[in-house]
1. Could you list log10 I(q)/I(0) for region 18-145 at q = 0.09, 0.18, 0.20, 0.23 Å⁻¹, which the Debye formula gives when each Cα is one point scatterer?
2. Need one value: the accessible area of LYS43 in square angstrom, 1.4 angstrom probe, rounded to the nearest 10.
3. Using only protein heavy atoms and a 1.4 Å probe, report how much of PHE141 is accessible, in Å² to the nearest 10.
4. Quote the accessible area belonging to LEU47 in square angstrom, nearest 10, computed with a 1.4 Å probe and with ligands, DNA and RNA left uncounted.
5. Can you bin region 60-105 into rounded, prolate or oblate? Criterion: square roots of the alpha carbon gyration tensor eigenvalues sorted a ≥ b ≥ c, rounded for a/c under 1.5, prolate for a/b above b/c, oblate for the rest.
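The values are calculated or read from the model by the stated rules, or taken from the named source; none is laboratory data. Predicted model only: the values in this text are computed from it and were never measured. The protein model used for the area step is the full one, side chains on, heavy atoms only, and it has no ligands, DNA or RNA in it. Shrake-Rupley method; radii C 1.70, N 1.55, O 1.52, S 1.80 Å.
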Amino acid sequence: MSSSMADKLKSKLPQKGEKAPKGPEAKQVRLKLVYVDFMSALKLSFLLGVAQFIVVVIGTFLIYLVFVQTGIFETANSVAGEVLGSGSGFDLNSVASIGRTVGAAAAVGLVNLIVITVLGAICAVLYNAAAKITGGLSVGFTNQQ
């Protein structure tokens, strides 16, 4: 009995010079996105806000270091001294110290984090309301092998 099964399988194999048969075609599926979970959207938007906070603080720190190394602050101090007069006592380093600069960037990043989190939640609520009216968003998927 096993020899007849082996013969059947051998007959299905491509012979020399023949092309192998292609596999099954990719199946396409159309689905509708009718609901976005509020807490999932909130968590995702919070994580995006945290990522932007980190990028803003580290980016500001690196740009500050580049400005210090290239001497932009000294150039700005000399220009301000010429414009305001040598007796003005203006010093850009005292106004834009590294602590103040990174602190201001952290404050802006924190405000952005809150705004991004709230906007993510609002978008989820708005999408869910619109999906109830329109029936959702049709999305097509395919199974590629």
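1. With no solvent term, the Cα-only Debye profile gives -0.57, -1.00, -1.09, -1.19.
2. So the heavy atoms of LYS43 present about 130 Å² to solvent.
3. Its accessible surface works out to 110 Å², give or take rounding.
4. The accessible area of LEU47 comes to roughly 110 Å².
5. On the way: a/c = 3.69, a/b = 1.79, b/c = 2.06.
Because a/c hits 1.5 or more and a/b fails to exceed b/c, region 60-105 counts as oblate.
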